[in-house]
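To start, the structure itself, in structure tokens.
The values are calculated or read from the model by the stated rules, or taken from the named source; none is laboratory data. These numbers come from a predicted model, not from an experiment. Here the Cβ positions follow ideal geometry from the backbone for every residue, glycine too, while neighbour counts run over all protein chains shown.
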């Protein structure tokens, strides 16, 4: 069975804008997670999906696994990786666009 995707809780607005160095080192706000924590959790989930797909594929190859579950977990791992690459490319593009903006 495919595990349910956990919901992302609300992000509390900050009281003031902090400089980039302070914002990167700031602790998570009460009731929410920092962007770095959310990103780290997404990477962990992607790696977990990939390792699950690898284990289930090995079980199928050994003759003890379910082919359907292996295909589903493999497809989920591929989709997770594609989503992560797409988000990374979008973030890189946004940063490059900000850096090329004249002030």
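Cβ-Cβ distance below 6 Å, separation of 6 or more or different chains: which pairs start in the range 1-12 with a residue that is farther than 20 Å from residue 69 by Cα and end on one that is assigned to a loop (DSSP other than H, G, I, E, B) and modelled with pLDDT under 65?
12/29; 12/31
Can you go through 76, 82 and tell me which one is at pLDDT 90 or above, part of a helix (DSSP H, G or I), under 23 Å from residue 7 (Cβ atoms) and touching a helix residue (DSSP H, G or I) at 6+ places or on another chain (Cβ under 9 Å)?
After ruling out the rest, the residue left standing is 76.
Can we say residue 55 is in contact (Cβ under 8 Å) with a residue 24 or more places away in the chain, within 21 Å of the chain's Cα centre (by Cα), closer than 22 Å to residue 4 by Cα and surrounded by fewer than 14 Cβ atoms within 10 Å (Cβ to Cβ)?
Considered against the rule, which asks whether it is in contact (Cβ under 8 Å) with a residue 24 or more places away in the chain, within 21 Å of the chain's Cα centre (by Cα), closer than 22 Å to residue 4 by Cα and surrounded by fewer than 14 Cβ atoms within 10 Å (Cβ to Cβ), residue 55 comes out as no.
Looking at (1) farther than 19 Å from residue 87 by Cα; (2) modelled with pLDDT of 75 or more; (3) not in a helix (DSSP H, G or I), can you tell me which one residue 33 breaks?
(1)
Quick check: is even one residue across the range 57-65 modelled with pLDDT under 65 and on the phi > 0 side of the Ramachandran plot? Break it down stepwise before answering.
To start, the set of residues in the range 57-65 that are modelled with pLDDT under 65 comprises none.
No; the residues of the range 57-65 include none that is modelled with pLDDT under 65 and on the phi > 0 side of the Ramachandran plot.
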